Amino acid sequence: MGIALIWSVIAFLIRWIFSKRRGAISYDSSDQTALYIRMLGACVIFKQLFSRDVRVRSQVGFEPERRGSHPYLGVDFRTLHSRAESAGSIPARRIRRLFSFQRHLLSSRLLRGVPHQNPLHILDEDYCGQARCMLEKVGSWNFDIFFFDRLTNGNSLIYLTLYLLNHYGLIELFQLDMVKVRRFLVLVQEDYHNHNPYHNSVHAADVTQAMHCYLKEPKLAKSLTSCDILLGLLAAATHDLDHPGVNQPFLIKTNHYLASLYRNTSVLENHHWRSAVGLLRETELFSHLPAEDSVNMERQLGSLILATDISRQNEYLARFRTHLDQEELCLGNASHRHFILQMALKCADICNPCRPWELSKQWSEKVTEEFFHQGDIEKKHKLEVSPLCDSSTNSIADVQIGFMTYVVEPLFAEWARFSDTRLSQTMLGHLCLNKASWKALQPEEAEFEQDGGSRALPQGSVES
Ligand SMILES: *[C@@H]1O[C@H](CO)[C@@H](O)[C@H](O)[C@H]1NC(C)=O
Ligand SMILES: *[C@@H]1O[C@H](CO)[C@@H](O)[C@H](O)[C@H]1NC(C)=O
Ligand SMILES: [Zn+2]
């Protein structure tokens with residue numbers, strides 16, 4: 001290894017260590033449950049109720065360039081409260097990933113200036129063949145993202161998105177700098193909280209894969225521009241960035257900083273978008289484009305991500321129905337295309353129940369685990385337990401059946417009306433079968449009856 005290479009490895013490690021301490025919501029699921037926010041300036045305990053374990057951590061320049069070059073002024077309270085168990089399995093995983101990032105750096109430096117390289121050269125030799133083989137079927141609705149994530153050593157979001165950007169020729173077309181693209185994707189993946197059972201980078205990779213399936217549908221494929229495709233993929237990859245693993249009502253009732261920043265409205269989605277913009281600017285991914293284009297990209301990215309706010313589902317669905325009833329969708333019109341991209345992203349985000357049972361079931365278990373975990377925190381702190389979050393009165397089956405009936409079915413029924421293809425029929429078919437499977441697994445004493453058989457889904461409490 002040349003001296004320059006060694007220096008860059010050292011520089012990389014330093015950056016990596018500091019990146020562990022940058023502004024982000026971090027949420028520790030250990031017994032010493034803790035919720036942290038890093039914000040302006042210094043560390044502040046933000047709620048007396050939580051004084052033992054919920055803290056605010058701070059960093060200068062939080063929104064949207066919260067990860068700028070400002071010195072990190074806060075103290076990590078987790079280290080003050082840490083018990084052996086809170087160390088858990090994360091360090092081992094981080095070490096593994098450190099090695100994979102070292103490989104990433106080495107290979108990206110060696111290949112700097114060599115265009116059209118297959119991004120998969122970075123993978124472990126043993127897994128390279130299998131992962132590459134899987135990516136050839138990335139457009140399949142049966143794509144097993146969990147398996148792909150294992151093959152890529154927990155880097156599914158990076159590899160999948162990189163592959164798709166290449167696949168659509170976007171890197172070349174937008175003259176994106178490969179080093180910046182990789183850095184952007186590494187940071188995006190890092191900003192997801194991998195200790196969230198559900199809202200983690202595998203969910204983001206799954207949504208990106210689903211988005212790819214929709215972008216290939218004939219109606220979209222023949223009308224979308226490259227810009228639409230780039231935005232669709234980026235929005236999918238970043239749509240839950242820095243998700244804390246609790247929902248909006250939780251943030252509001254705990255007087256969370258983000259809730260007041262975004263005035264109790266699409267709090268999480270605004271934060272995901274702002275975080276994505278922060279990374280775009282930090283990595284200067286679009287800095288070679290005219291300023292008005294990159295501002296426009298950021299704005300459209302926001303409009304896509306904000307559409308994933310499930311509490312606004314009826315609004316979007318009503319617009320979709322009106323368009324379909326009046327057959328006025330004209331995909332030559334940029335604003336209509338944008339609306340279809342919003343709907344596609346909404347579908348991709350909640351498509352879990354439309355996947356084959358073996359995949360769908362895993363997602364259901366994960367999302368319910370995240371809800372119940374929130375419920376446990378609420379109980380512990382004598383807060384009202386959010387609907388669907390109480391493990392003593394809800395089962396996975398009834399949470400899923402409600403979600404499918406009131407949220408997923410109406411959306412996919414309209415989508416199938418818009419795009420009447422084999423994929424749409426496949427998705428509706430799985431949805432129907434999966435619902436029947438959950439019904440068969442539903443516990444006997446249906447708590448359900450208590451509120452008249454229907455359980456309205458509360459704002460922000462379903463996966464988004
Ligand atoms: C947000 O909701 C909380 C709790 O309902 C309320 O106290 C607060 O004033 C609201 N904030 C804004 C900006 O509406
Ligand atoms: C595109 O559609 C929007 C909304 O329906 C409409 O306001 C606009 O005039 C249309 N643009 C063109 C160029 O047709
Ligand atoms: Zn999501």
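The values are calculated or read from the model by the stated rules, or taken from the named source; none is laboratory data. Here the structure is a predicted model, which is why all the values come from computation and not from measurement. Cβ atoms come from the backbone with ideal geometry, glycine included; neighbour counts cover every protein chain shown. Note: areas computed on protein heavy atoms with side chains; ligands, DNA, RNA excluded. Shrake-Rupley method; radii C 1.70, N 1.55, O 1.52, S 1.80 Å.
When the C-alpha to C-alpha distance is required to be over 31 Å, the pairs from Lys180/Lys253; Lys253/Lys366; Lys253/Lys346; Lys346/Lys382 that qualify are Lys180/Lys253; Lys346/Lys382. Along segment 386-396 the Karplus relation, 6.51 cos²θ - 1.76 cosθ + 1.60 evaluated at θ = phi - 60°, assigns HN-Hα couplings of 5, x, 6, 9, 9, 6, 8, 10, 10, 10, 3 Hz to successive residues, with x for each Gly and Pro. Rounded, prolate or oblate: pick one for segment 122-346, where a ≥ b ≥ c are the square roots of the eigenvalues of its C-alpha gyration tensor, a/c under 1.5 means rounded, and failing that, prolate if a/b is larger than b/c, else oblate. Because its axes are fairly even, with a/c under 1.5, segment 122-346 counts as rounded.
Taking a probe of 1.4 Å, how large is the accessible area per residue of segment 122-346, in Å²?
Heavy-atom SASA per residue in segment 122-346 reads 35 Å².
Pairs of Cα atoms nearer than 8 Å and 6+ residues apart set the relative contact order; for segment 265-383 it is 21 percent. Label separation (Gln362 vs Asp420): 3.5 nm, computed from points 7 Å beyond Cα along the C-beta direction. Among residues other than Trp438 with Cβ under 12 Å from its Cβ, the summed charge is +1 (Lys and Arg +1, Asp and Glu -1).
Surface calculation, 1.4 Å probe, protein heavy atoms: Lys219 sits at approximately 90 Å² accessible. Distance between the modelled labels on Thr225 and Asp325, one decimal in nanometres: 3.1 nm (7 Å Cα→Cβ projection). The accessible surface of segment 122-346, taken with every protein chain in place and a 1.4 Å probe, is 49 percent carbon and sulfur. Using the Cβ-Cβ distance between Val295 and Ser391 with R0 set to 41 Å, the FRET efficiency works out to roughly 0.35. Shape class of segment 250-407 from the Cα gyration tensor (axes a ≥ b ≥ c, square roots of the eigenvalues): oblate, since a/c reaches 1.5 or more and a/b does not exceed b/c.
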